[in-house]
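The values are calculated or read from the model by the stated rules, or taken from the named source; none is laboratory data. Being a predicted model, the structure only gives us computed values, none of them experimental. In this analysis, Cβ positions are derived from the backbone assuming ideal geometry, glycine residues included, and neighbour counts consider all displayed protein chains.
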């Protein structure tokens, strides 16, 4: 069992719910009997002592609905994440807080991640959060570039990505100017990369930097996805550790709701709030 927040929430919800039910079916009837057995001359202080609700029961009754709502929202609807690295620059910056759609690719049970209802499949270009295949306790975020059955290849010399033998078109935008924790990427080339004729996303490349991966060419296995970081020369992704199994998917990143980079003066970047991730 992985001791992540989902596991802790399930345990807290179950424990508080059990205590609440124990009070309803056992402790509350005993309190009622004790109150009814008091003589008519009993004062209010005596009645309050008998009717007193144990603190652990009171807390459980109060917290159970909170735990349950948070668990349901986080498990089946939306989960927040914070971006800790620059592997998805310039799309996502260090210090971005993002929202992830948990039901985009199907509804899964918490902890076991077992899919109950199939809804959709990841598409090329989707920015996805997933459990790192080499350590499932760590969430990663990358962009889906290869679907099951695709033959994909990445040329680290010309920085081109190929899908089924066809290179993806790139358009140079200019020189990137980084800020805060991402200032080390200042000077990299900023490109538009076209996954589809009408869909483009921004990437960063360092033309003179060569970082050959172990899996720069492969046919994507069934129920697996080939993912890359938008910061192509500063991302550990499918080129280095392989593909992402479908069962490792957590959800689709869709919105930035906060940006707070301590190395950028510790101020909130208000212009990034509400930005759609694409």
Could we say that residue 62 is free of Cβ contacts under 8 Å to residues at least 12 places away in the same chain and part of a loop (DSSP other than H, G, I, E, B) here?
-> no
Of the numbered conditions (1) touching a strand residue (DSSP E or B) at 6+ places or on another chain (Cβ under 9 Å); (2) surrounded by fewer than 19 Cβ atoms within 10 Å (Cβ to Cβ); (3) farther than 30 Å from residue 262 by Cβ, residue 74 fails exactly one; give the number of that condition.
-> (3)
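Results for (1) part of a strand (DSSP E or B); (2) touching a strand residue (DSSP E or B) at 6+ places or on another chain (Cβ under 8 Å), shown as yes or no for each residue.
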{"position": "84", "(1), (2)": "no, no"}
{"position": "87", "(1), (2)": "no, yes"}
{"position": "93", "(1), (2)": "no, yes"}
{"position": "119", "(1), (2)": "no, yes"}
{"position": "123", "(1), (2)": "no, yes"}
{"position": "135", "(1), (2)": "no, no"}
{"position": "152", "(1), (2)": "yes, yes"}
{"position": "161", "(1), (2)": "yes, yes"}
{"position": "170", "(1), (2)": "yes, yes"}
Can you tell me which residue in region 136-180 is surrounded by the fewest Cβ atoms within 10 Å (Cβ to Cβ), limited to those that are in contact (Cβ under 8 Å) with a residue 60 or more places away in the chain and on the phi > 0 side of the Ramachandran plot?
-> 149
Counting only residues that are over 14 Å from residue 154 (Cβ atoms) and more than 27 Å from the chain's Cα centre (by Cα), how many does region 207-227 have?
-> 2
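Let's see how each residue does on (1) farther than 25 Å from residue 7 by Cα; (2) over 15 Å from the mean Cα position of the chain (by Cα):
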site	(1), (2)
60	no, yes
64	no, yes
68	no, yes
77	no, no
81	no, no
88	yes, no
95	yes, no
Qualifying strands (runs of 3 or more DSSP E) (wholly inside region 188-242; at least 1 residues being over 14 Å from residue 161 (Cα atoms)) | 189-196, 199-205, 224-228
Cβ pairs under 7 Å, 6+ apart, first in region 192-209 and assigned by TED's automatic domain parsing to the domain that holds residue 233, second outside any strand (DSSP E or B) and surrounded by fewer than 18 Cβ atoms within 10 Å (Cβ to Cβ) = 193/168; 194/168; 195/124; 195/125; 195/168; 199/125; 201/125; 201/278
Failed criterion for residue 241 (all others in (1) at negative phi; (2) surrounded by 15 or more Cβ atoms within 10 Å (Cβ to Cβ); (3) in contact with a strand residue (DSSP E or B) (Cβ under 9 Å, 6 or more places away or on another chain) hold) | (3)
